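K.L.:
Before anything else, here's the structure in question.
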Amino acid sequence: MIDLAGFGDQLLLGAAMTVQLAVAALIVGLVLGLLGATARLSGFAPARALAGAYTTVVRGLPELIVVLIIYFGASRLLTTAAAALGYDGFVELSPFAAGVIALGLTFGAYATEVFRGAILAIPKGQVEAAHAFGMGRWLTFRRIVLPQVWRIALPGLGNLFLVLLKDTSLVSVIGLEELMRKTQIAVGFTRAPFTFYLTAAVLYLLMTMIAMAALHRGERAAARGMPRLRG
Amino acid sequence: MSLKTAALAAVAAIVLLTASGPTRAETLRIGTEGAYPPFNQIDPSGELIGFDIDIAQALCDKMNVECVFVRQDWDGIIPGLLARKYDAIVASMSITEDRQQAVDFTDPYYSNKLRFVAAKNAKVDPDNLKGKVIGAQRATISASYLEDHPFKGAKVKLYDTQENAYLDLASGRVDAILADRLVSYDWLESDAGKNFAFVGEPIDIGDKIGIAVRKGDTKLLARLNAALAEIIADGTYEELNAKYFPFPIY
Amino acid sequence: MNFEVIVANLPKLLEGAGLTLELVAFGLVGGAALALPAALMRVSPRWWLWAPAFAYIFFFRGTPLLVQIFLVYYGLGQFEAVRDSVLWPILREPFWCAIIAFALNTGAYTAEILRGAIQAVPVGEVEAATAFGMSRTLSLRRIILPRAFRIALPAYGNEVILMLKGSALASTITLLDLTGMARTIIARTYMPVEIFLAAALIYLGMTFVFVQLYRLLERRLSRHVVGAR
């Protein structure tokens, strides 16, 4: 029924690019989220304010605007910054890099809140106990806090990843040949928009389902060793 | 944009100061985009094809050098030239004042005109577009032309891609489209365009297409111009033109 | 930074913001109209009621809004039957296509929020209603739904903000909403940083005003609850 007119391979290539983009943005976003949460919980007021401004601003902006600002604005900023450092060239940002930065920034803003909630959810007594054992702050964070943060934050981060996966389609607007862009190219060639956009929708659904299954396994793995409630 | 141009000019200046190199005689590296049918595009086997490619090949033959094509995204195509990734750009680049601050252009090798496209039975008259909806691609000369020449009472719709504008013309959401006539010609020749035709006369906005080289690369510029004059004089150009368009585009 | 460009184009951007608000308002109303029946069907024990609701919610939450807009706008236009139908005067307008896509999208998310809220209504309250002799419909109307709406309120506020942000995609189908207007101005002025920052500030302003108003509303609706701030 669905005749992909030879564009099947192209769509799969696009889907592969979508996955690469999502994973790269996820890594950037996780780092930003952890940094953001640490800053929000720190005793240093400027760090708290900066992190607070970051999450408020980025979460209040349309993702499409973030993508466009990074793509069109960043090369100018980078060129200016490079000039300040003595490099007199023209710095440009590829659509992939712009997409990773924009989606990573968005993911990081929401992840900051998720991580903050998770860190606060760890009983204070545990940290105190660790200190009593003579663990330093960093060791306590690494051995006691972080492993539990993962477990508590995973469902929230999982939801954010599903949102991120769909937001990758916005990067098509700046010309990255991910699934959406490849679909548009196929539509331009075949003039069958319904067929191809529906195919793209099905591919996104499949990716979502795979991600959901992986998350489910991840949550189970992170929760091993936790007493399980049985009904 | 002006900052960008300034940056490009700065890079060009540095290039000028540090090295002024005649190109190697045996090969000429040519940058092109590969995403602008029918001028430069990639065929299913990954080869570059199109009018630009054929012209470049013909010029290289006349200059007795070997063409090596380098693919480059449109946004980075001038920086790539300045960074010496290749020595000339043959990619249907319009000669504009902005670009002339960063690069030098050869004599034009074709000229672009705008033209309206509408359904064959729609009786769209470009001189009387009152109440009509006209489509164009955003950030193109067609779009600026429509904005600069408000056609009495016509509504303008801007699209992200040229293809989407054609889709809406086919579905009847717009009455006509203003676009590069050569790109539209390609669409009209396709199956989707069979019920559509050019309407009105071509609009000459003085858009000339040239080959870009680094500023100061006068030797290469002169050789390219000479070769261009040669292929026009000996009929090679006409032959290539006819391969793509049944009307002269020079 | 060129502030003159921003000032000169501010009226146009605000005009775009007006269209953004219009699209969001229509989309939300349509979404709410879809969400209530979808949520009720979704919690039904009968499979022929919950299965279609499940499929609807799954499809629209699992695919990008951009794909959904293109499906409605360019996709439906592919079929001659659609172009000849009585619906074409509506479907040929990008304005209504955007609203249809927005309503379907936010409707699916809102249905899921409502479903969660309905299931979070304490069982004891439902049992008490039944013990009072209320029928299922009556207890749904008098007890379950009012309770569920209040539970859903905070999550729904987030959904409204997501809709406001998602409305930027209307610019991809030729609409001159805030984002579309910004992109069109940039194509002429070549000042992406200035114009996008101005648009971003207007979006932030709209989000901020909405959050404040919504907080007031939430407080008002929860004032009878003991311990509510």
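K.L.:
Considering only the stretch B:205-250, state which residues are surrounded by fewer than 12 Cβ atoms within 10 Å (Cβ to Cβ) and part of a strand (DSSP E or B).
P.N.:
Once the filter is applied, which keeps residues that are surrounded by fewer than 12 Cβ atoms within 10 Å (Cβ to Cβ) and part of a strand (DSSP E or B), the stretch B:205-250 yields only B:GLY206.
K.L.:
Name the residues in the stretch C:157-175 that are touching a residue at least 24 places away in the same chain (Cβ under 8 Å), surrounded by fewer than 19 Cβ atoms within 10 Å (Cβ to Cβ) and within 12 Å of chain A (Cβ to nearest Cβ), would you?
P.N.:
Passing the criteria: C:ILE161, C:LEU162.
Matching residues to (1) over 22 Å from the mean Cα position of the chain (by Cα); (2) touching a residue at least 60 places away in the same chain (Cβ under 8 Å):
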{"position": "A:VAL19", "(1), (2)": "no, yes"}
{"position": "A:VAL23", "(1), (2)": "no, no"}
{"position": "A:LEU30", "(1), (2)": "no, yes"}
{"position": "A:LEU34", "(1), (2)": "no, yes"}
{"position": "A:ALA45", "(1), (2)": "yes, no"}
{"position": "A:LEU50", "(1), (2)": "no, no"}
{"position": "A:THR56", "(1), (2)": "no, no"}
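K.L.:
A further question on this structure: What pairs can you find where one residue is in the stretch A:131-151 and closer than 20 Å to A:ALA223 by Cα, the other is among the polar types (S, T, N, Q) and part of a helix (DSSP H, G or I), and their Cβ atoms are less than 6 Å apart, with a gap of 6+ or different chains?
P.N.:
A:ILE144/A:GLN126
K.L.:
All but one of (1) at pLDDT 90 or above; (2) within 30 Å of A:VAL19 (Cα to Cα) hold for A:ILE174; which doesn't?
P.N.:
Condition not satisfied by A:ILE174: (1).
K.L.:
Need the failing condition index for B:VAL174 against (1) within 30 Å of B:ASN64 (Cα to Cα); (2) more than 18 Å from the chain's Cα centre (by Cα), just the number.
P.N.:
Checking B:VAL174 against (1) within 30 Å of B:ASN64 (Cα to Cα); (2) more than 18 Å from the chain's Cα centre (by Cα), the one that fails is (1).
K.L.:
What pairs come up if the first residue lies in the stretch B:232-249 and is within 17 Å of B:LEU188 (Cα to Cα), the second is among the polar types (S, T, N, Q) and surrounded by fewer than 12 Cβ atoms within 10 Å (Cβ to Cβ), and their beta carbons are under 9 Å apart, counting only those six or more places apart or on different chains?
P.N.:
none
K.L.:
Here's a follow-up. Output the helices (runs of 4 or more DSSP H) that fall wholly within the stretch A:129-231 and possess 3 or more residues being of a type in the set (Gly, Ala, Ser) and surrounded by 14 or more Cβ atoms within 10 Å (Cβ to Cβ), or say none.
P.N.:
Result: A:146-167, A:193-222.
K.L.:
Here's something else I'd like to know. Have a look at A:ALA53, A:ALA39, A:ALA98 and point out the one that is surrounded by fewer than 21 Cβ atoms within 10 Å (Cβ to Cβ), at pLDDT 80 or above and within 14 Å of chain C (Cβ to nearest Cβ).
P.N.:
Selected residue: A:ALA53, the only one of A:ALA53, A:ALA39, A:ALA98 that is surrounded by fewer than 21 Cβ atoms within 10 Å (Cβ to Cβ), at pLDDT 80 or above and within 14 Å of chain C (Cβ to nearest Cβ).
K.L.:
Another question about this same structure. Residues C:VAL121, C:VAL193: which one is over 20 Å from the mean Cα position of the chain (by Cα), more than 19 Å from C:THR20 (Cβ to Cβ) and within 14 Å of chain B (Cβ to nearest Cβ)?
P.N.:
After applying the criteria, what remains is C:VAL193.
K.L.:
Determine whether B:LEU158 is within 12 Å of another protein chain (Cβ to nearest Cβ) and under 20 Å from A:GLN184 (Cα atoms).
P.N.:
yes
K.L.:
Then there is this: Are there any pairs, at least 6 apart or on different chains, whose C-beta atoms fall under 8 Å, with the first in the stretch C:133-155 and free of Cβ contacts under 8 Å to residues at least 24 places away in the same chain and the second among the aromatic types (Phe, Trp, Tyr), and if so, which?
P.N.:
none
The values are calculated or read from the model by the stated rules, or taken from the named source; none is laboratory data. Please read these numbers as outputs of a predicted model, since none were measured by experiment. For neighbour counting, all protein chains shown are included, and Cβ atoms are generated from backbone atoms with ideal geometry for every residue, glycine included.
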